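No value in this document is a laboratory result; all are computed from the given coordinates. Since this is a predicted model, take the numbers as computed values, not measurements. Every residue, glycine as well, gets a Cβ built from its backbone with ideal geometry; the counts of neighbours run over all protein chains shown.
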Amino acid sequence: MNTKYGKITLASTTLSAILLCASAAPARADEDRSKCQHHIEKAEEKLERAVSRHGERSPQARSAREHLNAERRECWGRHHAWYEAHERRWHTEQDWDHDDHR
């Protein structure tokens, strides 16, 4: 085999591998952000149920609120943003304590 063609093959294989890895990173980030959004939505639903069934100041609501804030902190740590399900939008300020429940 000619070494020129071997070098070309090696170079094209290396480039293909680099491009494949580079395109996979944004897809993983989007998937991770979607999971984060889903976890927050579930935690908000749990808080709403707890408030509805037991009252806003109940131990169940307090626990659900703590869980919701933990999910928000987790998203903030990963994405420097957190999702608010009622508004259906991402926030870029760490201000979830201002209005953690409707």
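Would you mind calculating the gained length between D97 and E45 on full extension (0.36 nm times residue separation, minus the Cα-Cα distance), in nm to one decimal? Don't jump to the answer; show the numbers that get you there.
Numbers: separation 52, 0.36 × 52 = 18.72 nm, distance 1.70 nm.
Extra length available between D97 and E45 comes to 17.0 nm.
Straight-line cross-link reach from K35 at under 18 Å between alpha-carbon atoms covers these lysines, not counting any fewer than eight positions away in the same chain: K46. As a calculated quantity, the FRET efficiency between L10 and W90 at R0 = 41 Å, using C-beta atoms, amounts to about 0.45.
Place the peptides 53-60, 74-81 in order of packing, highest mean first, counting for every residue the other Cβ atoms within 10 Å and averaging per peptide. The partial results should precede the final answer.
Details: 53-60: 11.8, 74-81: 15.1.
The densest-packed peptide leads the list: 74-81, 53-60.
Going out from 0 in 5 Å bins, what whole percent of all Cα-Cα distances in the range 3-96 drops into each bin? Pair shares across the bins are 3, 13, 16, 15, 12, 9, 6, 5, 5, 5, 4, 3, 2, 1, 1, 0.
Taking a straight Cα-Cα cut-off under 12 Å and skipping sequence neighbours fewer than 8 places away in the same chain, no aspartates and glutamates fall within cross-link reach of K7.
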